[in-house]
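Novice: Got a structure for you, written out below as structure tokens; questions coming shortly.
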Amino acid sequence: MNLLSIIIFLPLLGALALLALPERKTKTIQQVSMLTALLTFVTSLGLLLKFDGESYGFQLVERYQWIAPLGIGYKVGLDGISLMLVLLTTLLSIVAIGCSMKIDQRLRAFMICVLILETAMLGTFLSTDLVLFFVFFELTLIPMWLLINIWGGKNRAHAANKFLIYTFAGSIFMLIGIISLGYLYFKTTGRLSFDLVDIQAQVANGKLWATAIAAQPYIFWAFAIAFLVKSPGFPFHTWMPDTYAESPIAGVILSSVMVKMGTFGFLRFCLPLFPEALKSQVPLLVALAAIGIVYGAAVAAVQPDMRRMMAYSSLSHMGFVLLGIFSLTRMGVLGGVYQQLNHGISASILFLLVGYLAQRRGSTMFSDFGGLKAQTPILAAIFLLGMLSSVGLPGTNGFVGEFLVLLGSFQAAYADQFSIGVVVLAAFGVVLTAVYLLYMFQRIFYGKITNPENANLADLSRSEVALAGVLIVFIFWGGLVPNSFMKPMKVSVDATILMAKGMVDHRPHWDSPETPLEYYNLQKPIRHVEALKPIIRNGPKPFLMAAPPQTPSPAGMGIRAGSGAPKPAAAAPADSKPVAPKPALGSRLAPRSGSATPAKPAPGGTR
Amino acid sequence: MDKAFHFAIPVIDWTALLPIMIVAVTGIFALIAEMFRPKHNNNLIVGVSLGGLALAAVASALSLQQPSYTTAAELFLRDSLGTVAQLLILLATALTISFSEGYLRNKRIPFGEFYPLVLWSSVGAMIMTSTMNLLVIFLGLEILSVSLYVMAGMSRSEEKSEESALKYFLLGAFASGFLLYGIAFVYGATGGLDLNVVNAVWLRHEASSHTLLLFGFGLMLIGLGFKTSMAPFHQWTPDVYQGAPTNVAAFMATAAKIAGFVTLLRVVSAFGALHNFWLPALTAIAILTMFAGNFAALVQKDVKRILGYSSVANAGYVMVAIIAFGRDSSLGYGTVMYFLLSYTLMTIGAFAVVSMAAKNRRESTKLEDLNGLWRRSPFVALTLVIFMASLIGIPPTAGFVGKFLIFFDALKTDQIPLAIVLAVNSIISIYYYMAIARAVFVSDSADVEPDTSKPSAGVAAVCAVCAIGIFAAVAFVGPFVGLLSTK
């Protein structure tokens, strides 16, 4: 059963159904679009049943030829990282459609745009072919452009063009990068393919970059800039405040998913495909992330417009995601991936409520509000919850994400991956976040009603509460039982980190998920230091080679032998363990960081 | 008997010539039909023309799978490139004719001659694409151009149209002279008019023939560069497109350019052995063309001028593909032809939308004149957005796949600077393409009486066909490229 394709194209089908409806049947249009979103969400819940959290390979894979002469195919697959993002997308699409029911101008076209956006985002998260990914990645541009340009605010034309030019400029070079990767794959294997699994397999064994290592940083940055623009990362964020300020609320809510396409791109492409370049570029990327956190928070504090403030707040929050990803530690990446979801939820709540305020008052300027708490207590309460999640109060999901990110990046910084000052700066951002969010809450809800128009403001209606309430549930669920969301992603996150940090030939690859990750794992606490001594003496040894007789059998080296996962294809002798391959001691290439336990492996002490 | 007087009547395989003959004869029928039409009603002529084009397309498509061969004493070549080019030209002509009637009527110039002229013009274009003989290429070019000179001046009451015709005629005649001069040099070097022998002659290493060939190539390049509006020979393009009736401009921008590019493709591959000489020149021309087209388009206020400069920029993109092909002929013709297919669909679609601006003898095609289109006809407005997205190269449109293929070829042949220039230019182009797309969403200014006219059936049909074609072409890129592979 082609579950993934059904999920990707259900919204598009709904859009086509809308196209067949007459424009004036507003009620039917509302029902059909809502039904489509709900149906997509329910179908995507089916993924939870089918997904196997123990495997890091792509699941529910579908592969069809598309442009056969160029090796481009329609290939989709699901892993732990994309699973949750797919669910987030389908959930927030319901919210986006639900809050747009009252649009009075060309509702049908609006809903079609939203549904096409949903298809594009789902496709982006599920593609495993680079070109297909690019197609879905860019498919978001025109519907979003239309949303801003037709239903947007006063400055919509400017904002729409800025959005389009920025994102397109970022990604056109990614296209060149994609083609270069495909061509390198062709030079390596004599076969053309843009399949992520194929290409990564050649990266994992080191053949792809063997002749083109000098080009790696350039191609890496071709990808990285596209994703930094989208995420948005610090110097490439300027499209975002305009877009958020001018687009309709549904567009903003969907944008808060769309920005995840950038961070997801880092996880899916930049980490596994450019391991060597990543090592040298991480300090720069982490610095950009940290600057984004602080800069975003500082600028957010002085914005007169709620939407602009939320845009800068997104810059700040997405900085945490980036920081977590580039820490390349298990906690950091897991926290980053988790923080993606949190930001999606908490930003959507706040945008939804800001949207409701805008519907009632036609303004989102702070100066027009004040003292709303008495008038609209329910709105204030929900706003407070969303805000606290955004601040990262313990008990809410935001806390879990930020805490893990900071923990992971401190680990990485202590392991000399990048400067500790960067992490301290980022941690300072948490304080600033609290400052501007609390300040915002104060300006809207506390004090006296200064503007007489606010005196008769209606509180949230029942349907509005329902829409926001769904999201509130996730705040506490995510904050109190984070494991129910993190469990499915753990294995995929581990695999991604190992792909990025492993030595050549010691990187997992997606096409042989039956090899358990422990075979590549360099980060498992190695308790029996004795076992490492021969390796220290003799230098690195080839992976999975039959153990030479002098190697003592390192029983219990922290390897979960026979833990349910099948044995690797290459039947290694029982005593040959995937011991951490150590290159020259003290080399900076040695992945030393990220050990979850304070006990450091022995080689660390030789420095 | 003296050898010079021996002339064997060549064996002609008429099936190879059939599509061209059908179109030519259709032109005659269209002319006859004009005599029987009711006053100012050209529907009969349109019907005859479209029927003839469809017949020719069938005849052409039937020979698509055959192996290539020459006939008529090697004057005529039937190969997949030529046949696909013929089909594209037929498509462009049919689309142009489909939206012409409503436009010409709105403009009060419902002359029946337009249809035979455009048909014969496409005959010339089809001849150009189906030969390796330089003189036949020249004949085709002249048949194409002479009709175009007349059509450009068709709106006789408008000064701009006349200016456009005269400008096109003078510069076109000049360019034809260059081309012919170049052909003469090649003839001098090789002793023949067939492009196939050029490489062999070059590799014989005779200094005298080398000079002649280089001169010949350079002059031919100028001639063809004019027809395909490559910088610095592009100056006429915006003026002529702006002045000429919109449907003629659409035909010029597509059918005439397809013929020019296919010829250029054949010439470049025939001169493959000389690539050390032409590669830097063509690279410079391609870069110049892209930048000249895009930068000039940024400051334009007139949609037809923007589309004119856009066609210059697109010529630059095609040049990148042609250069890549010239470096490595195993890449196949697929890239160039696919790009031309997508270019044809989106350009004719855009011109069809612009043609709606014509009313009652006058035609203003400023950007503001598109205002309010979203209210008048949301469908046409949305198709215009699709055309613009495709021109930029945003997936999942044919324009994206076309650019993708060009990037691919460029990187495969190590033309990395060209690929980067192409990417930068795609970014620049967003600004003016989106200026066009944005204009349709701006409501009419208050002081102008809002135009409530609906698009004619022809315009709506052309927009629908082009928009659907832009998406459908994405699905068939594999077979299309496979058909044109040279491996």
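The values are calculated or read from the model by the stated rules, or taken from the named source; none is laboratory data. These numbers come from a predicted model, not from an experiment. When we count neighbours, we look across all protein chains shown, and the Cβ atoms used for this are built from the backbone with ideal geometry, even at glycine. SASA here: full protein model, heavy atoms, side chains in, ligands and nucleic acids out. Shrake-Rupley method; radii C 1.70, N 1.55, O 1.52, S 1.80 Å.
Novice: Look at A:S231 and say whether it is over 17 Å from the mean Cα position of the chain (by Cα), closer than 25 Å to A:L130 by Cα and small (G, A, S).
Specialist: Details: over 17 Å from the mean Cα position of the chain (by Cα): no; closer than 25 Å to A:L130 by Cα: yes; small (G, A, S): yes.
Judged against the criteria, A:S231 is not a match.
Novice: Need pairs with beta-carbon distance below 6 Å; first residue closer than 16 Å to B:S122 by Cα and within the stretch B:37-53, second open to solvent by 40 Å² or more (accessible area, probe 1.4 Å); sequence gap 6+ or separate chains.
Specialist: B:V48/B:F29
Novice: Open to solvent by 10 Å² or more (accessible area, probe 1.4 Å), at pLDDT 90 or above and at the interface with chain B (Cβ under 9 Å from one of its Cβ atoms): which single residue out of A:A169, A:A157 fits that description? Even if it seems obvious, please write down each step before you answer.
Specialist: Numbers: A:A157 fails: at pLDDT 90 or above.
Unique residue meeting the criteria: A:A169.
Novice: Please go through the stretch A:120-132 and give me each residue that is part of a helix (DSSP H, G or I) and either within 10 Å of chain B (Cβ to nearest Cβ) or not hydrophobic (A, V, I, L, M, F, W, C) (or both), ordered by number.
Specialist: A:A120, A:G123, A:T124, A:V131, A:L132, listed by residue number.
Novice: Taking the condition of being among the small types (G, A, S), open to solvent by less than 10 Å² (accessible area, probe 1.4 Å) and outside any loop (DSSP other than H, G, I, E, B), how many residues in the stretch A:66-111 meet it?
Specialist: Selection size over the stretch A:66-111: 6.
Novice: Collect the residues in the stretch A:206-245 that are modelled with pLDDT under 90, open to solvent by 10 Å² or more (accessible area, probe 1.4 Å) and of a type outside the set (A, V, I, L, M, F, W, C), keeping them in residue-number order.
Specialist: A:G206, A:K207, A:T211, A:P235
Novice: Still on this structure: Return a yes/no flag: does the stretch B:56-68 have any residue that is assigned to a helix (DSSP H, G or I) and within 20 Å of B:V459 (Cα to Cα).
Specialist: Of all residues in the stretch B:56-68, those assigned to a helix (DSSP H, G or I) come to B:56-62.
Applying the additional criterion that residues be within 20 Å of B:V459 (Cα to Cα) yields none.
Within the stretch B:56-68 (the criterion being assigned to a helix (DSSP H, G or I) and within 20 Å of B:V459 (Cα to Cα)), the answer is no, since none of the residues qualifies.
Novice: Inside the stretch B:198-219, can you point out the residues that are within 27 Å of the chain's Cα centre (by Cα) and open to solvent by 10 Å² or more (accessible area, probe 1.4 Å)?
Specialist: If the condition is that a residue be within 27 Å of the chain's Cα centre (by Cα) and open to solvent by 10 Å² or more (accessible area, probe 1.4 Å), then B:L214, B:F215, B:F217, B:G218, B:L219 are the ones that fit.
Novice: Another question about this same structure. Would you check which residues across the stretch A:381-413 are small (G, A, S) and assigned to a helix (DSSP H, G or I) and list them? Let's see the steps before the verdict.
Specialist: Just the residues of the stretch A:381-413 that are small (G, A, S), to begin with: A:381, A:386, A:389-390, A:392, A:395, A:398, A:401, A:408-409, A:412-413.
A:A381, A:G386, A:S389, A:S390, A:G398, A:G401, A:G408, A:S409, A:A412, A:A413 - these are the residues of the stretch A:381-413 that are small (G, A, S) and assigned to a helix (DSSP H, G or I).
Novice: Looking at A:V203 and the list (1) buried (at least 20 other Cβ atoms within 10 Å of the Cβ); (2) more than 10 Å from chain B (Cβ to nearest Cβ); (3) closer than 30 Å to A:P241 by Cβ, which single condition is not satisfied?
Specialist: Going through the list (1) buried (at least 20 other Cβ atoms within 10 Å of the Cβ); (2) more than 10 Å from chain B (Cβ to nearest Cβ); (3) closer than 30 Å to A:P241 by Cβ, A:V203 breaks only (3).
Novice: Here are A:N483, A:N454: which of them is of a type in the set (S, T, N, Q) and over 15 Å from A:L379 (Cα atoms)? It would help to see each step written out before you state the result.
Specialist: On the way: A:N454 fails: over 15 Å from A:L379 (Cα atoms).
After ruling out the rest, the residue left standing is A:N483.
Novice: Restricting to the stretch B:69-103, what's the tally of residues that are within 22 Å of the chain's Cα centre (by Cα) and within 17 Å of B:G458 (Cβ to Cβ)?
Specialist: Step one: of the stretch B:69-103, the residues within 22 Å of the chain's Cα centre (by Cα) are B:76-101, B:103.
If we keep only those that are within 17 Å of B:G458 (Cβ to Cβ) as well, we get B:91-101, B:103.
Result for the stretch B:69-103: 12.
Novice: Please work out which residue is nearest to B:S147 (Cα to Cα), limiting yourself to the stretch B:100-111 and to residues that are buried (at least 20 other Cβ atoms within 10 Å of the Cβ) and not aliphatic (A, V, I, L, M). Walk me through how you get there before you give the answer.
Specialist: Here is the first cut: in the stretch B:100-111, the ones buried (at least 20 other Cβ atoms within 10 Å of the Cβ) are B:100-104, B:106-107.
Within this subset, residues satisfying the condition of being not aliphatic (A, V, I, L, M) are B:100-103, B:106-107.
Values: B:S100: 16, B:E101: 18, B:G102: 21, B:Y103: 19, B:N106: 23, B:K107: 20 Å.
Among those residues, the one meeting the criterion is B:S100.
Novice: Moving to a separate point now. Being closer than 16 Å to B:T254 by Cβ, touching a residue at least 40 places away in the same chain (Cβ under 8 Å) and either within 14 Å of chain A (Cβ to nearest Cβ) or in contact with an Asp or Glu (Cβ under 8 Å, 6 or more places away or on another chain) (or both) is true for just one of B:Y317, B:Y333. Which residue is that? So that I can check it myself, show each step before the final result.
Specialist: Working: B:Y333 fails: closer than 16 Å to B:T254 by Cβ.
Result: B:Y317 is the single residue among B:Y317, B:Y333 that is closer than 16 Å to B:T254 by Cβ, touching a residue at least 40 places away in the same chain (Cβ under 8 Å) and either within 14 Å of chain A (Cβ to nearest Cβ) or in contact with an Asp or Glu (Cβ under 8 Å, 6 or more places away or on another chain) (or both).
To keep it simple, each residue is scored yes or no on (1) among the hydroxyl-bearing types (S, T, Y); (2) touching a helix residue (DSSP H, G or I) at 6+ places or on another chain (Cβ under 7 Å); (3) within 29 Å of A:T211 (Cα to Cα); (4) touching a residue at least 12 places away in the same chain (Cβ under 8 Å).
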| residue | (1), (2), (3), (4) |
| --- | --- |
| A:Y439 | yes, yes, no, yes |
| A:V470 | no, no, no, yes |
| A:M499 | no, yes, yes, yes |
| A:D505 | no, no, yes, yes |
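Novice: Separate question: Could you pull out the residue among B:L53, B:L91, B:L95 that is open to solvent by 50 Å² or more (accessible area, probe 1.4 Å), within 30 Å of B:R266 (Cα to Cα) and out of contact with any Pro (no Cβ under 6 Å at 6 or more places or on another chain)? Step through it out loud before you land on a result.
Specialist: Values: B:L53 fails: open to solvent by 50 Å² or more (accessible area, probe 1.4 Å); B:L95 fails: open to solvent by 50 Å² or more (accessible area, probe 1.4 Å).
Among B:L53, B:L91, B:L95, only B:L91 is open to solvent by 50 Å² or more (accessible area, probe 1.4 Å), within 30 Å of B:R266 (Cα to Cα) and out of contact with any Pro (no Cβ under 6 Å at 6 or more places or on another chain).
Novice: Taking A:V473, is it surrounded by 21 or more Cβ atoms within 10 Å (Cβ to Cβ) and modelled with pLDDT of 90 or more? Can you show your working first?
Specialist: Working: surrounded by 21 or more Cβ atoms within 10 Å (Cβ to Cβ): no; modelled with pLDDT of 90 or more: yes.
The answer is no for A:V473.
Novice: Check the stretch B:410-426 and report whether any residue there is crowded, with 21+ Cβ neighbours inside 10 Å, at negative phi, more than 12 Å from every other protein chain (Cβ to nearest Cβ) and out of contact with any strand residue (DSSP E or B) (no Cβ under 8 Å at 6 or more places or on another chain).
Specialist: no
Novice: If I filter the stretch B:459-473 for residues that are at the interface with another protein chain (Cβ under 10 Å from one of its Cβ atoms), open to solvent by less than 20 Å² (accessible area, probe 1.4 Å), part of a helix (DSSP H, G or I) and modelled with pLDDT of 85 or more, do I get at least one hit?
Specialist: No, there is no match, as no residue in the stretch B:459-473 is at the interface with another protein chain (Cβ under 10 Å from one of its Cβ atoms), open to solvent by less than 20 Å² (accessible area, probe 1.4 Å), part of a helix (DSSP H, G or I) and modelled with pLDDT of 85 or more.
Listed here are the residues, each with its yes/no results for (1) touching a Leu at 6+ places or on another chain (Cβ under 7 Å); (2) crowded, with 24+ Cβ neighbours inside 10 Å; (3) at pLDDT 90 or above.
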{"site": "A:S127", "(1), (2), (3)": "no, yes, yes"}
{"site": "A:F137", "(1), (2), (3)": "no, yes, yes"}
{"site": "A:I148", "(1), (2), (3)": "no, yes, yes"}
{"site": "A:G153", "(1), (2), (3)": "no, no, no"}
{"site": "A:K162", "(1), (2), (3)": "no, no, yes"}
{"site": "A:M174", "(1), (2), (3)": "no, yes, yes"}
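Novice: Let me ask you something else. Take the conditions within 19 Å of the chain's Cα centre (by Cα), closer than 27 Å to B:A259 by Cβ and more than 14 Å from chain A (Cβ to nearest Cβ) and apply them to B:G399. Does it pass? Working first, answer last.
Specialist: Numbers: within 19 Å of the chain's Cα centre (by Cα): yes; closer than 27 Å to B:A259 by Cβ: yes; more than 14 Å from chain A (Cβ to nearest Cβ): no.
Answer is no for this residue.
Novice: Filter the stretch B:341-369 down to the residues that are over 21 Å from B:A92 (Cβ atoms) and not in a helix (DSSP H, G or I) and list them by number.
Specialist: Scanning the stretch B:341-369 gives B:K359, B:N360, B:R361, B:R362, B:E363, B:S364, B:K366.
Novice: So which residues in the stretch A:422-447 are open to solvent by 40 Å² or more (accessible area, probe 1.4 Å) and more than 30 Å from A:I378 (Cβ to Cβ)?
Specialist: If the condition is that a residue be open to solvent by 40 Å² or more (accessible area, probe 1.4 Å) and more than 30 Å from A:I378 (Cβ to Cβ), then A:V424, A:L425, A:F428 are the ones that fit.
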